[in-house]
Amino acid sequence: MTDTTISADAELLLQTRGLSVHYGGVTANADIDITVGAGEIVGLIGPNGAGKTTFVDAVTGFAKSSGEVLVSGQRIDRASPHRRRRVGMARTWQAGELFADLTVEQNLAVAVQRVGLRALVTDVLNGSRPAAGVVEKALDVVGLTDVADRRPDELTLGQQKLVGVARALVGDTRLVLLDEPAAGLDTHESLAFGDELRRIAATGVGILLIDHDMSLVLDVCDRLYVLDFGRVIASGTPTEIQDDPAVVAAYLGSAEVEADTHAESANEAGTPPTTESSTTGTDAGDTGGESR
Ligand SMILES: Nc1ncnc2c1ncn2[C@@H]1O[C@H](COP(=O)(O)OP(=O)(O)O)[C@@H](O)[C@H]1O
Ligand SMILES: [Mg+2]
């Protein structure tokens, strides 16, 4: 296995050391060491059930874990999800829908409230970022300023997916963990979405990208980690990963599973935002989990 880390000059945003999660007898994450640098897009791929969502849950504080999680060199593995959000780390949720009745701007404003009113009041008192500017900035980064007043159903699916990303970028987000943010997009939309992710990363944001679309991840990621049964079985550049026998083996015969997952994701994308408050399972959709 190739052990690739970020280049020496990139600022280290996320580092996990020996991160493990156990669900009863199931080891969902085993000793995971991952890094994400500023401006990097790092892929996390693996077959269905490999532990990708669990990893995001563990890093963001929604799953009980052992091992270390550092954001910008600071240990946060004992902190609440809310406090982890405040160090500039945000996530999206698999099947995280938008509020259909709210405009794009309002969908982001909801996320502002969840960043923490106290933090924003402090910002205002300090004369730094006024709350209103926070939403505009996030819209600008993903290129959605022109559709700020539209409702989600007036947008293309690709734009809707970007609203989901923008919601995570609201506030001083430096690091985003995206759990299948492109699910349901066709190849063309997926490539356009990838271009937007590149633009976001170019602003210095570090991105951990989970996706089943191999052409997207291989195209857009600087580096990738491959999970299988909770373990990192390979890491490296897209070229290195493609040729790795362990990766090929993990994916061999999983074509059917992949197809099923795509169908599932497409269905999830079409479900109403009532799942926002769902508490069933780790994949339940709620963008602003830090309020829980
Ligand atoms: N809340 C949970 N309770 C018990 N087992 C879970 C829970 N969440 C995930 N698992 C199990 O952990 C493993 C990894 O799941 P998950 O992280 O969702 O995989 P992926 O996102 O890669 O598809 C699976 O075996 C899954 O059944
Ligand atoms: Mg998952």
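Coordinate-derived values only; no laboratory data. As the structure is a computational prediction, the values presented were derived from the model and not from experiment. Glycine gets a Cβ as well: all are built from the backbone with ideal geometry, and neighbour counts include every protein chain shown.
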Neighbour-count ranking for R167, R151, R174, R83 (other C-beta within 10 angstrom, fewest to most) reads R83, R151, R174, R167
Listing D33, D211, D243 by rising number of other beta-carbon atoms within 10 angstrom, fewest first, gives D243, D33, D211
Expected unfolding gain across D33-V248 under the 0.36 nm per residue rule, minus the alpha-carbon gap, is 75.3 nm
In nm, the gap between the two label points placed 7 Å beyond Cα toward Cβ at E68 and T156 is 4.4 nm
Listing I41, I233 by rising number of other beta-carbon atoms within 10 angstrom, fewest first, gives I233, I41
